[in-house]
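The values are calculated or read from the model by the stated rules, or taken from the named source; none is laboratory data. Computed from a predicted structure; not experimentally measured. Counting neighbours? That spans all protein chains shown, and the Cβs are built from the backbone with ideal geometry, glycine included.
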Amino acid sequence: MRKVDLKKLLDNLSLEEKIGQLLQVCGYYYEIEGVVTGPQNSAGFNEREIASAGSVLGIAGAERLKKIQKNYMEKHPHQIPLLFMADVINGYKTIFPIPLAQGCSFNPELVKKCAEISAMESAAAGLHLTFSPMVDLVRDPRWGRVMESTGEDTYVNCVFAKATVEGYQGTDGLNKKGRIAACVKHFAGYGAPMAGRDYNTVELSERTLREQYLPPYQAAIEAGCSTVMTSFNTLDRVPSSANKKLMRGILRDEMGFEGMVISDWAAIEELINHGVAQNRSDAARLAIEAGVDIDMMTTCYCRNLKELIENKVVDEALLDDAVMRVLQLKNDLGLFENPFKDADEKDEKTLILCDEHRAFARKLAAETMVLLKNEGILPIPKKGKKIAFIGPHTSRRWICGVWSIFGEEKDVISLEQAVRNKKIENVTFSTGCPILKDTDALELAEKDCTAIAEDNANKQVLLDEAILQAKNADVVVLSLGEHPAQSGEASSRVEPALDAQQIELFNKIYEANPNVVVVLFNGRPLVLGEIFEKAKAVLEAWLPGTEGGNAVADILFGDENPSGKLTMSFPRHIGQIPIYYNDFKTGRPYTGNKGKYFSKYIDCPNSPLLPFGYGLSYTSFEISDVMLDRDSMTCKESIFASVRVKNVGKTAGKEVIQCYIRDEVGSVARPVRELKGFHKVELQPGEEKEIVFEITEEMLRFYTIDMEYKSEPGKFTVWIGSSSQTQNGREFILI
Ligand code: GLC
């Protein structure tokens with residue numbers, strides 16, 4: 001087992017060899033199968049640069065990566081192994097629900113296990129690092145990447161950032177089998193692009209950035225996250241990859257991050273587009289000075305750093321620090337001892353998509369789904385009903401998120417297949433309408449465009465068949481939503497809603513048979529409009545992954561009781577966006593009072609259609625009034641707030657008890673309420689449990705008028721309930 005003296009190794013490297021460690025090229029350059037997840041650079045890399053690169057992204061497979069590593073090591077003069085990185089965002093081959101769905105589970109233990117399985121499968125396939133978790137706070141469903149986040153709440157994003165990092169990395173060493181390094185992204189504030197348009201300018205006050213956007217990155221770092229990725233956006237007009245104050249001042253000096261920083265794809269070269277760099281040399285200087293270690297997919301570093309250092313424009317010490325962080329990561333992964341780490345064809349065969357992983361994926365998917373409406377039509381009895389399953393997601397397998405780059409549709413269980421697996425009788429299946437218009441498909445969903453073109457060519461036939469089946473059924477299960485390519489990176493939508501042909505399908509089916517259950521397969525909150533009013537039930541299934549069809553069928557037929565809660569608000573109207581629960585009162589708060597001069601719309605209520613923390617169950621729960629063990633506390637004390645929760649229904653179920661706090665008066669305006677804790681509790685019919693939250697002074701801290709992070713004495717309100725709209729509250733005083 002080779003032990004290596006990193007300092008000595010660094011000192012033996014030439015300038016070119018050091019710079020090579022800071023270059024990352026995609027697997028495409030090692031062979032055609034590499035997945036390309038960003039714009040192809042005009043520059044292109046020459047053979048020497050590819051041979052010197054220190055890491056590769058977007059390629060996987062034990063045999064393939066072992067071959068690449070072996071060839072590389074044989075040629076590398078200092079035997080420094082390659083790092084293999086990729087976007088394992090919601091699973092490697094066993095695809096799990098998208099992260100936005102995972103957040104709705106309010107079950108960090110399950111999400112941690114999801115990351116563990118993702119790590120095991122991808123490590124067996126030779127990967128060393130995943131560009132996950134994405135912890136960007138999101139409040140605008142026009143932005144396609146909300147599907148990669150766990151939602152609009154800082155506390156929830158902190159909980160899942162920790163769970164995911166620990167799931168990927170474990171806590172006993174990256175070199176342990178089945179562990180991969182995590183990379184928290186995108187630092188920072190990428191989730192708040194103006195107008196929801198990807199890569200657009202971000203305007204956040206420092207207080208909002210620090211209070212609401214930075215904590216989840218901090219949580220990931222405190223969980224031991226090995227690496228950080230810079231974001232494409234500007235903050236206060238400075239692009240992150242050139243932002244010394246952000247990357248060195250805040251990330252390293254304040255947040256204490258000591259690991260490797262990698263740019264996002266081409267983000268260093270894009271400093272030129274931002275207009276803060278004259279050319280690639282300027283961009284390289286700005287980025288290395290800001291503390292960006294690895295240059296993903298551009299020639300800025302590999303073709304300019306040498307001259308910048310030789311001309312004393314850049315201090316070689318900056319280069320040495322960056323290279324040392326890369327070498328340290330390789331050493332932490334044990335790559336100097338074993339460059340192939342866990343790459344193992346046998347493990348691939350036994351681990352990938354094994355029954356245990358599939359069963360877990362099915363369980364997790366069911367826990368992420370949110371029952372938005374149910375007028376008693378769900379669960380559907382397994383016998384005695386004629387059921388028409390209609391919709392573009394019914395029989396096709398496009399129910400995994402767009403970042404499921406290594407997943408294969410052939411492994412996915414569609415809703416139709418799941419219903420057949422359950423041997424439900426008297427069922428019919430039809431597509432009803434194309435998932436996308438032809439033109440959209442060509443641009444968006446190239447791999448599915450043949451199927452979509454067929455559906456567009458048979459539109460009338462599809463519709464007629466669906467209407468006939470609806471007329472002959474007792475219940476219609478109508479699967480609607482988005483094609484996976486309509487969310488994710490570079491997939492912003494000005495109208496986050498169902499496409500026109502799906503709305504037409506709903507109306508025609510509803511006319512034929514009003515007993516309609518809508519199942520939504522989508523990557524973002526959608527404006528649902530009349531469909532939500534008319535449907536007898538609405539189940540939000542998100543993009544649930546390999547076992548998604550089974551999970552939906554489990555819920556539809558009552559084998560699973562839905563327990564998900566929304567982590568992102570559903571607007572009534574697009575005009576309300578951005579809309580989120582923890583906003584501010586304003587000087588003219590509107591609480592339904594009569595009169596004109598209040599902060600409200602004249603054509604729409606202020607409230608969302610469906611709020612953060614909302615979700616129904618097949619059973620019902622009663623929550624007692626909030627009890628406090630005391631009404632006041634000093635900074636050194638805490639208050640215990642509790643409720644009793646009882647399952648007053650006929651089936652076992654899980655409820656997410658949420659604890660919100662409002663600081664009634666502060667030296668700056670404070671949010672109307674903020675989530676400070678939650679417990680997901682399972683109760684049998686008739687069972688009752690006490691749920692207790694400890695309120696500590698630390699929970700009450702914020703950035704005061706002087707930008708000091710501390711609490712201020714005064715009156716607070718604590719609410720405990722089953723959504724962000726709970727009014728079940730009590731006041732207390734911080735002395
Ligand atoms: C993309 C994404 C980033 C991803 C990276 C590598 O542009 O912004 O989230 O990890 O490139 O694929």
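Given the condition modelled with pLDDT of 95 or more, in contact with an Asp or Glu (Cβ under 9 Å, 6 or more places away or on another chain) and more than 23 Å from TYR614 (Cβ to Cβ), answer yes or no: does some residue in region 640-656 qualify? Within region 640-656, one or more residues are modelled with pLDDT of 95 or more, in contact with an Asp or Glu (Cβ under 9 Å, 6 or more places away or on another chain) and more than 23 Å from TYR614 (Cβ to Cβ).
Yes/no per residue for (1) among the charged types (D, E, K, R); (2) within 16 Å of the ligand (Cβ to nearest atom); (3) closer than 30 Å to ASN550 by Cα; (4) touching a residue at least 60 places away in the same chain (Cβ under 8 Å):
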| site | (1), (2), (3), (4) |
| --- | --- |
| ILE50 | no, no, no, no |
| VAL56 | no, yes, no, no |
| GLU63 | yes, no, no, yes |
| LYS75 | yes, no, no, no |
| PHE84 | no, yes, no, no |
| ALA101 | no, no, yes, yes |
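Might you check whether a residue that is surrounded by fewer than 21 Cβ atoms within 10 Å (Cβ to Cβ), in contact with a Leu (Cβ under 9 Å, 6 or more places away or on another chain) and of a type outside the set (Lys, Arg) occurs anywhere in region 289-302? Yes.
Of everything in region 92-115 that is within 23 Å of ILE657 (Cα to Cα) and among the basic types (Lys, Arg), the residue that is farthest from the chain's Cα centre (by Cα) is LYS113. Here ARG285, ARG237 are screened, and the one residue that is at pLDDT 95 or above and either surrounded by fewer than 18 Cβ atoms within 10 Å (Cβ to Cβ) or over 30 Å from LEU333 (Cα atoms) (or both) is ARG237. Evaluate region 318-332: report whether one residue or more is β-branched (Val, Ile, Thr), touching a helix residue (DSSP H, G or I) at 6+ places or on another chain (Cβ under 8 Å) and assigned by TED's automatic domain parsing to the domain that holds ALA266. Looking through region 318-332, at least one residue is β-branched (Val, Ile, Thr), touching a helix residue (DSSP H, G or I) at 6+ places or on another chain (Cβ under 8 Å) and assigned by TED's automatic domain parsing to the domain that holds ALA266. Put simply, of VAL165, VAL184, VAL202 the only residue that is aliphatic (A, V, I, L, M), over 23 Å from ILE89 (Cα atoms) and in contact with a helix residue (DSSP H, G or I) (Cβ under 9 Å, 6 or more places away or on another chain) is VAL202. From the list GLU148, GLU121, GLU152, the lone residue that is within 12 Å of the ligand (Cβ to nearest atom), of a type outside the set (S, T, N, Q) and surrounded by 24 or more Cβ atoms within 10 Å (Cβ to Cβ) is GLU148.
Take the residues of region 268-278 that are outside any helix (DSSP H, G or I) and within 14 Å of the ligand (Cβ to nearest atom): which is nearest to GLN218 (Cα to Cα)? Applying the filter and picking the extreme gives ILE268. Within region 181-190, the set of residues being within 14 Å of THR130 (Cβ to Cβ) and either small (Gly, Ala, Ser) or more than 14 Å from the ligand (Cβ to nearest atom) (or both) comprises ALA181, ALA182. Annotation for region 595-603: at least one member residue is touching a helix residue (DSSP H, G or I) at 6+ places or on another chain (Cβ under 9 Å) and exposed (fewer than 15 other Cβ atoms within 10 Å of the Cβ). Filtering region 561-578 to residues that are assigned to a loop (DSSP other than H, G, I, E, B) and surrounded by 23 or more Cβ atoms within 10 Å (Cβ to Cβ) leaves PRO562, SER563, GLY564, LYS565, LEU566, THR567, MET568, SER569, PRO571.
The residue that is nearest to the ligand (Cβ to nearest atom), counting only those in region 215-267 that are charged (D, E, K, R) and under 23 Å from ASP153 (Cβ atoms), is GLU222. With respect to being modelled with pLDDT under 95 and either in contact with an Asp or Glu (Cβ under 8 Å, 6 or more places away or on another chain) or in the same structural domain as PRO525 (by TED's automatic domain parsing) (or both), ASN71 falls outside the description. Residue count for region 604-629 under the criterion of being among the polar types (S, T, N, Q), surrounded by fewer than 18 Cβ atoms within 10 Å (Cβ to Cβ) and touching a residue at least 24 places away in the same chain (Cβ under 8 Å): the result is 3.
Does region 584-602 include one or more residues that are within 30 Å of the chain's Cα centre (by Cα) and outside the structural domain of GLY529 (by TED's automatic domain parsing)?
Within region 584-602 (the criterion being within 30 Å of the chain's Cα centre (by Cα) and outside the structural domain of GLY529 (by TED's automatic domain parsing)), the answer is yes, since at least one residue qualifies.
In this structure, is ARG207 assigned by TED's automatic domain parsing to the domain that holds ILE288 and outside any loop (DSSP other than H, G, I, E, B)?
Spelling it out, ARG207 is indeed assigned by TED's automatic domain parsing to the domain that holds ILE288 and outside any loop (DSSP other than H, G, I, E, B).
Selection within region 207-266: residues that are touching a residue at least 60 places away in the same chain (Cβ under 8 Å) and of a type in the set (Lys, Arg). The member of this set that is farthest from ASP282 (Cα to Cα) is ARG207. Selection over region 279-300 of residues that are part of a loop (DSSP other than H, G, I, E, B) and closer than 20 Å to GLU310 by Cα gives a count of 5.
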